[in-house]
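Structure, as structure tokens:
Any read-out appearing in this document is the output of simple, stated calculations on the displayed coordinates, not a laboratory observation. Just so you know, these numbers come straight off a predicted model, no measurement behind them. Cβ: placed from backbone, ideal geometry, glycine included. Neighbour counts: every protein chain shown.
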Amino acid sequence: MTKAVFLDRDGTLIQDLGYICHFHQVGFFPFASAAVRALNEAGYLVIVVSNQSAVARGICNKMEIELLHRELQDHFKNQGAVIAAFYFCPFLADAAVLRYRCDSPMRKPAPGMLLQAAGDFKVDLPSSFMIGDKIDDIRAGQKAGCRTVLVRTGQGRHSEISLQNIPPPVDHVVDDLLAASTLITSLAGPEEIERLRKKNRRRMFNEP
């Protein structure tokens, strides 16, 4: 089984600048590539799971989001940081676009995207992590059986206050994605890190 780190997109991997449809609208955190690279080097698959209600609201279309995610994947790869996959949920219960109007089990705080990714990549969920800045990210991770990390970027500081009064508690709270990657890699011993690195390098780069 593979260990993974699931990342929220807006507010965690990249800046939360509202509904964005195109690569030129992205605001990058200066530490994001280093954080993803550190997780890669520790042997974790990095997988993004993101609610994208902009599609349901008619702000973006699905093809634009898919293109944006390919461009983000290429951007990080060019900096030596591999994101194995992007999953997103375009659905919303009160969507303006009728075809996307539903209460989807894929939309966080439901764990659907994490469960789908776990099936696709044979992920060991109890040994994996969900990192995000919103309560919905944390709840999705908990429902999937992952350990959870709240970052204080994006909406994280507000979420941290709210989570103090709403059980169950998040496992860890850190300042940003780089701090989260440092925390996660520190929890594994050097022998485990080396084993994961070799295993997932073969998986990511199709090495024998």
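Structure values in brief
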{"read-out": "10 Å beta-carbon shell around S53, net charge (K/R +1, D/E -1)", "value": "+1"}
{"read-out": "HN-Hα J in Hz across segment 46-52 - Karplus 6.51, -1.76, 1.60, θ = phi - 60°, x for Gly and Pro", "value": "10, 10, 8, 10, 9, 6, 10"}
{"read-out": "Net +/- balance of residues flanking P168 in space, Cβ distance below 11 Å, scoring K and R +1, D and E -1", "value": "+1"}
{"read-out": "Spatially near lysine pairs across the chain, Cα under 18 Å, sequence gap of 8 or more or different chains", "value": "11"}
{"read-out": "Peptides ranked, highest mean first, by Cβ atoms within 10 Å: ranges 92-102, 124-134", "value": "124-134, 92-102"}
{"read-out": "Assigned charges on the beta-carbon of Lys, Arg, Asp, Glu; the chain dipole about Cα centre (debye)", "value": "480"}
{"read-out": "Separation of the E66 and Q164 label points, Cα + 7 Å toward Cβ, nm", "value": "4.5"}
{"read-out": "Kirkwood estimate for segment 75-159, i.e. one over the average of 1/r between Cα atoms, Å", "value": "14.1"}
{"read-out": "Convex hull per residue volume in Å³, alpha carbons only, for the chain", "value": "115"}
